[in-house]
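Each remark here refers to the structure printed beneath this line.
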Amino acid sequence: MHDSGRSPVKVVKEANPTGRTTTPQLRRPLPRQTEISDVRRYIVMTALALGGFGIGVTEFVSMGLLSMIADDFSISEDRAGWIITVYALGVVVGAPLITAFTGRIPRRRLLLILMAAFVVGNALSMLDSSYGVLLVARFLAGLPHGAYFSVAGLSAASMAPEGQRGRAVAFVGMGLSVATVIGVPAAQLLGVQFGWSAAYGMVTVIGVITLVLLWFLMPHMSRMVPTSPLTELSALKRGQVWLTLAIGSIGFGGMFAVYTYISWTMTEQAGLPASLIWVVLMAYGVGMVIGNYVGGRLADWNVDRGILLALICIVVVLIGFYFTSHHPVAGTINFGLVGFFGSTLVPSLQIRLMDVAGKAQTLAASLNHSALNIGNAVGASMGGAVIAAGYSYSAPALAGAVLAVLSIGIWFPMVWLRRRG
């Protein structure tokens, strides 16, 4: 049932200690999720996506700020790189812990708490008092990352009409993809012009805007029942959850085996001027945006087949990148395809975790983001090991293809066991 999204104004009469009735107060309560119109639903999902946009900016912009941060604190760039590591650690730790122990908190309230924590972490990141303070701030900023995407994605799926869960999850995840195309370059420009802390200031403003929008627009998620920590932790007893997470941890690593070293690959292998690397990164971001949309459609079509199709395509484009990375145009196009097919995998993994986790959907969905961040670390480490062994900057693409092949090897027993069960 849909209406305009407005609830009737209720008259609330409060009694004072003397027993007399005070003057009636007018209050307009927030609607339940079943009472909002399709237009209101899309507006709410846009607000949720804006939060994802801010998270995407803060996750990726740090990579381009390392040299400035290193200069300000008089430290080496590899030591400055710890701000990226501690952020990822915050994601991996925060996603399961927060979702496991906040199951009884109403989803609307939890989203507000998570976004408030995100604002605090990024506001603290603006301080340039010491490198230690910045490390703590980046860890705090990473804590709500996975939990926010989990609760936001589940909320969007819960509000979605029948057969459109994948598209709803992809819509919310679109914020992260768009951030790589628009938000990160904008924040990078601010950092260059006004100092690296200005980039985190931009993220803080985005977080505040999201917080205000969710406060006024987010309905009560009446269909999302509270859960206990034991209920959420029950997801860890399910083999299908672990197998799905394994696919994300291993298969997604192939993209970052290439992404981490793309600057060296395109400048030293393809001969592209360093001043044009932004074009390569933008091609990847555009691929992510389109791939996220297509991935939502694939998830609504068939979750398991969508995962397999994405993994096969990832193998193909990574092998293709090995051969095209010596040419600036072909390499850039192929790198965009790497972003495209990597993004098509994510919505199907998210929906599958919701389906196989029973009543522990929040924890399972948040673990997807932990798994993807593990994939980032695995891919970057494997790519670095290949280069350190004396192979070319193109070789990490083949290592990434091997990871995707291993994920395909997990897919077959995973699907067989589910059908058998």
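The values are calculated or read from the model by the stated rules, or taken from the named source; none is laboratory data. No experiment lies behind these values; they were computed from the predicted model shown. Note that each Cβ is placed from the backbone with ideal geometry, even for glycine, and that neighbours are counted across all protein chains shown.
For this structure, a couple of remarks:
- Here Y87 fulfils each of the conditions (1) crowded, with 16+ Cβ neighbours inside 10 Å; (2) among the aromatic types (F, W, Y); (3) under 18 Å from G191 (Cα atoms) apart from (3).
- So T18, is it surrounded by 10 or more Cβ atoms within 10 Å (Cβ to Cβ), over 31 Å from the mean Cα position of the chain (by Cα) and either at pLDDT below 50 or not assigned by TED's automatic domain parsing to the domain that holds M174 (or both): no
- Hits in the stretch 225-256 - residues which are more than 30 Å from G339 (Cβ to Cβ) and in contact with a Pro (Cβ under 8 Å, 6 or more places away or on another chain): P226
- Qualifying residue in the stretch 391-406 (condition: more than 26 Å from the chain's Cα centre (by Cα), within 18 Å of V241 (Cα to Cα) and either basic (K, R) or not in a loop (DSSP other than H, G, I, E, B) (or both)): no
- Taking the stretch 334-367 as the range and being surrounded by 24 or more Cβ atoms within 10 Å (Cβ to Cβ) and small (G, A, S) as the test, the residues that pass are G339, G342, S343, S348, A360, A364, A365, S366.
- Of all residues in the stretch 232-247, those being in contact with a helix residue (DSSP H, G or I) (Cβ under 6 Å, 6 or more places away or on another chain) and modelled with pLDDT of 90 or more number 7.
- When we screen G331, G383, G390 for residues that are crowded, with 24+ Cβ neighbours inside 10 Å, modelled with pLDDT under 95 and over 29 Å from G153 (Cβ atoms), the only hit is G331.
- Considering residues of the stretch 105-136 that are in a helix (DSSP H, G or I) and not hydrophobic (A, V, I, L, M, F, W, C) only, the residue farthest from S222 (Cα to Cα): Y131
- Reported count of residues in the stretch 210-231, each being surrounded by fewer than 16 Cβ atoms within 10 Å (Cβ to Cβ) and either modelled with pLDDT of 90 or more or in contact with a His (Cβ under 6 Å, 6 or more places away or on another chain) (or both), is 3.
- Taking the stretch 155-256 and the helices (runs of 4 or more DSSP H) fully enclosed by it, the elements with 3 or more residues that are closer than 26 Å to E59 by Cα, aliphatic (A, V, I, L, M) and under 20 Å from the mean Cα position of the chain (by Cα) are at 165-178, 184-194, 196-217, 239-251.
- Of the residues making up the stretch 313-332, none is in contact with a Cys (Cβ under 9 Å, 6 or more places away or on another chain), without any contact (Cβ under 8 Å) to a residue 60 or more places away in the chain and part of a helix (DSSP H, G or I).
- Filtered residue count, the stretch 60-102, keeping only those that are over 20 Å from the mean Cα position of the chain (by Cα) and not in a helix (DSSP H, G or I): 5
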